[in-house]
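A.B. asks: Just passing along the structure, written as structure tokens.
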Amino acid sequence: MKHKRRLRWILASVIALASAAAGIYLLTNTKAATTTSWQLSWSDEFNGSSLDTSKWSVITGTDSNSQATYTADSVAVGGGSLSLRTRRHCTNTSSTTLTDNNYTTGDCPNGKTTRYSSGQVRTGNIFNQGRVEIRAKMPAAAPGLWPNVWMRNQSSWCTTGYGELDILDWYGDQPTRATSTSHVSCSGGSTKDVAHTRTSGSSLSSGWHTWAMNWSPSGISYEMDGVNIASGTGDSNKALDTATDFGLISTTFNSVLAQLWQLRLGAQVSMSGSGHAAPDPDANFATAYTLIDYIRVYRQVTTTTATKTPTPQPAASVAPVTSVGPGAATPSPAASATPVSEVPAEDDEEGTGTVALPKPSADKASPGDKLRMLINNVEIQDEAIDTTYLPNGKYVLTVEVTKADGTKETTASDLEVDNPLNPWQQVRNELYFPMKGNKGAMDGTMIAASALLLLTLGFIGFRIWKLASPKNIW
């Protein structure tokens with residue numbers, strides 16, 4: 001009789017343990033696959049008949065780096081592109097208004113002043129890290145022409161926090177070359193610079209070309225026609241400009257890039273002594289047109305999808321694939337994404353279900369800085385967000401850093417979670433916001449619930465054994 005009782009007890013225990021193991025398996029048999037992609041956040045395709053003044057401001061007047069006077073009539077939109085016109089004028093004085101009446105393609109007669117008009121536009125300070133892509137056609141090559149596309153941050157000229165990112169500089173006296181340059185921080189009247197130059201086999205005036213720039217806490221990189229442009233200076237990594245390339249500490253480098261940036265499109269005229277040929281006032285100067293097909297700005301978005309853990313299979317060879325994103329010829333979202341108002345974003349680190357958020361450290365913040373992390377405006381306690389614990393949905397991740405001087409810096413990024421959750425995971429993930437993302441508390445709650453389940457199943461197993469053994473000693 002004893003061995004029968006033992007057999008029944010063992011059978012009941014096996015049933016209880018098997019049930020508990022099945023519950024634990026349901027909680028742990030999924031994995032989250034996290035992918036980072038480029039999402040179009042702002043663009044201008046220049047498909048209308050006039051400049052979109054909700055996006056651009058026309059710059060007028062002069063600057064110290066160019067012979068050109070910027071005029072509103074030098075900027076036009078039509079035929080699917082933005083046109084920046086550069087032409088010569090002969091005027092009685094240096095202050096005479098530049099008009100069609102004093103425009104010329106020849107040299108100016110004695111007693112007349114040779115001057116130039118051109119166009120330049122800019123956005124507001126609305127961009128905070130991501131990718132900028134432009135498709136453009138340079139004008140017919142001629143000395144003095146200097147089309148450019150560049151960005152600058154909010155800091156004043158030649159301060160420690162000043163930043164300028166020249167996506168494109170093209171000079172009419174070197175028509176096969178294009179240069180991209182990072183100017184990060186400034187002191188004593190000089191910026192710290194890293195230049196990237198690409199030389200083609202023919203003049204860049206002969207067709208349309210695409211330039212792109214990616215900037216993030218990890219560094220700055222440039223592309224022409226989908227190919228990275230290596231730098232000629234800096235450290236061994238010529239594809240990416242980082243703090244060490246400028247002789248800066250990470251804190252200073254990051255503080256420059258973390259600001260809001262504006263975008264400028266212009267067509268300047270080189271001055272004598274600038275390092276590039278200025279126009280010859282005694283030679284003809286044909287009207288030049290710099291054409292911009294589009295400007296597209298992207299930010300990185302992290303998407304997490306949970307899948308069943310697969311059964312291990314024998315290893316097989318896998319053909320290489322081409323990635324989409326920085327380094328790709330054209331980010332895939334460009335064709336279908338809808339422009340939206342720009343929101344400051346940060347790069348989300350790619351991982352297996354975890355999105356790491358910036359935290360105060362020697363290279364990202366100063367002592368005394370205070371950090372708040374929020375999901376949909378709910379403050380989160382953990383230093384990282386495990387997306388396998390988030391309920392399905394779309395979220396905005398926000399990081400707010402309060403500096404010791406009271407100023408605040410805020411960045412945000414999008415996150416979409418679409419996990420095939422079982423009932424137990426759904427219950428667990430609903431605890432995320434009430435427990436402010438505290439994984440320890442969430443896991444503790446689920447362990448307690450699992451223990452209660454195990455005890456319940458054990459009791460049921462015991463009762464089954466009891467009912468099957470009316471004569472046992474219990």
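A.B. asks: Nearest 0.05, what FRET efficiency do ALA283 and VAL396 give at R0 = 51 Å with Cβ-Cβ as r? Write down the numbers at each step before the final one.
C.D. replies: Numbers: r = 57 Å, r/R0 = 1.12.
So, using R0 = 51 Å, E works out to roughly 0.35.
A.B. asks: Give me a comma-separated list of calculated 3J(HN,Hα) values for region 270-287, in order, Karplus coefficients 6.51, -1.76, 1.60 applied at θ = phi - 60°, integers in Hz, x for any Gly or Pro.
C.D. replies: My calculation for region 270-287 gives 4, 9, 4, x, 8, x, 10, 4, 8, x, 7, x, 8, 9, 5, 9, 6, 4 Hz in order.
A.B. asks: Could you give the alpha-carbon Rg of region 173-258 over 2.2 N^0.38 Å, rounded to two decimals? If you can, show how the numbers build up before the last one.
C.D. replies: Working: Rg = 14.0 Å, N = 86, 2.2 N^0.38 = 12.0 Å.
Against the empirical 2.2 N^0.38 Å value, I get 1.18 for region 173-258.
A.B. asks: In addition: Could the peptides 168-178, 235-245 be put in order, highest first, of the mean number of other beta-carbon atoms found within 10 Å of their residues? Before the final figure, lay out each step's value.
C.D. replies: Working: 168-178: 20.3, 235-245: 17.2.
Ranked from most to least packed, the peptides come out as 168-178, 235-245.
A.B. asks: Can you tell me how much longer the chain between THR233 and SER218 gets when fully stretched, taken as 0.36 nm per residue apart minus their C-alpha distance, in nm with one decimal? It would help to have the intermediate numbers written out before the result.
C.D. replies: Details: separation 15, 0.36 × 15 = 5.40 nm, distance 1.79 nm.
Gain in length upon complete extension: 3.6 nm.
A.B. asks: In what order do ILE167, ILE59, ILE292 fall by count of nearby beta-carbon atoms within 10 Å, going from fewest to most? Kindly include the intermediate steps, with their values, before the conclusion.
C.D. replies: Values: ILE167 26, ILE59 17, ILE292 20.
Ranked by crowding around the Cβ, least crowded first: ILE59, ILE292, ILE167.
A.B. asks: Then there's this: First check a/c for region 50-115, with a ≥ b ≥ c the square roots of the eigenvalues of its C-alpha gyration tensor; if it is under 1.5, answer rounded, and if not, answer prolate when a/b is larger than b/c or oblate otherwise. Before the final figure, lay out the partial values.
C.D. replies: Numbers: a/c = 2.78, a/b = 1.89, b/c = 1.47.
Prolate.
A.B. asks: Ok, one more. Read phi for every residue in region 149-166 and hand back ³J(HN,Hα) as whole Hz from Karplus 6.51 cos²θ - 1.76 cosθ + 1.60, θ = phi - 60°, with x for Gly and Pro.
C.D. replies: 3J(HN,Hα) across region 149-166, in whole Hz: 10, 8, 10, 9, 8, 7, 5, 5, 4, 6, 10, 4, x, 5, x, 9, 10, 8.
A.B. asks: Excluding MET151 itself, calculate the net charge of residues whose Cβ lies under 11 Å from the Cβ of MET151, where each Lys or Arg counts +1 and each Asp or Glu counts -1. Before the final figure, lay out each step's value.
C.D. replies: Values: positive: ARG122, ARG152, ARG264; negative: GLU164, ASP166.
Every neighbour counted, the sum reads +1.
A.B. asks: Something else about it: Sequence gap at least 6, Cα distance under 8 Å: using those rules, report the relative contact order of region 42-298 to the nearest whole percent. Show your work: numbers first, answer last.
C.D. replies: Numbers: 682 pairs, mean separation 71.2, N = 257.
Rounded, it is 28 percent for region 42-298.
A.B. asks: To continue, here is another question. Give me the Kirkwood hydrodynamic radius of region 42-298, using the inverse of the mean 1/r over all pairs of distinct Cα atoms, in Å to one decimal.
C.D. replies: Every distinct Cα pair counted, the radius reaches 18.9 Å.
A.B. asks: With all pairs of different alpha carbon atoms counted, what Kirkwood hydrodynamic radius in Å does region 62-155 show?
C.D. replies: Values: mean 1/r = 0.0644 Å⁻¹.
One decimal place: 15.5 Å for the Kirkwood radius.
A.B. asks: Rounded to whole Å, give me the distance from the Cα center of region 261-305 to that of region 157-203.
C.D. replies: Answer, in whole Å: 11.
A.B. asks: Hey, can you rank 119-126, 94-101, 213-220, 263-270 by average C-beta count inside 10 Å, highest first?
C.D. replies: On the way: 119-126: 19.2, 94-101: 11.6, 213-220: 21.0, 263-270: 24.1.
Highest mean packing first, the order is 263-270, 213-220, 119-126, 94-101.
A.B. asks: What pairs from LYS238/LYS394; LYS55/LYS370; LYS55/LYS112; LYS192/LYS394; LYS55/LYS192 go past 32 Å between their alpha carbons?
C.D. replies: Working: LYS238/LYS394 37 Å; LYS55/LYS370 34 Å; LYS55/LYS112 38 Å; LYS192/LYS394 40 Å; LYS55/LYS192 30 Å.
Violating the 32 Å Cα-Cα cut-off are LYS238/LYS394; LYS55/LYS370; LYS55/LYS112; LYS192/LYS394.
A.B. asks: What's the ranking of 250-259, 453-462 by average number of surrounding C-beta atoms within 10 Å, highest first?
C.D. replies: On the way: 250-259: 19.6, 453-462: 15.7.
Those peptides, ordered most packed to least, come out 250-259, 453-462.
A.B. asks: Assigning unit charges at the beta carbon (Lys, Arg +1; Asp, Glu -1) and nothing else, what dipole magnitude in debye, to the nearest 20, does region 175-308 show about its Cα centre? Please list the in-between numbers first.
C.D. replies: Numbers: 8 positive and 9 negative charges, 99 e Å.
Charge dipole of region 175-308: 480 debye, to the nearest 20.
A.B. asks: Something else now. Using θ = phi - 60° and the Karplus form 6.51 cos²θ - 1.76 cosθ + 1.60, what ³J(HN,Hα) does each residue of region 176-186 get, whole Hz, x for Gly and Pro?
C.D. replies: Taking θ as phi minus 60°, the curve returns 8, 10, 9, 10, 10, 9, 9, 10, 10, 6, 8 Hz for region 176-186.
Every read-out reported here was derived from the displayed coordinates using simple, explicitly stated rules and does not represent laboratory data. The structure displayed is predicted, hence computed values, not measured ones. Please note: Cβ atoms are built from the backbone with ideal geometry, for glycine as well, and neighbour counts cover all protein chains shown.
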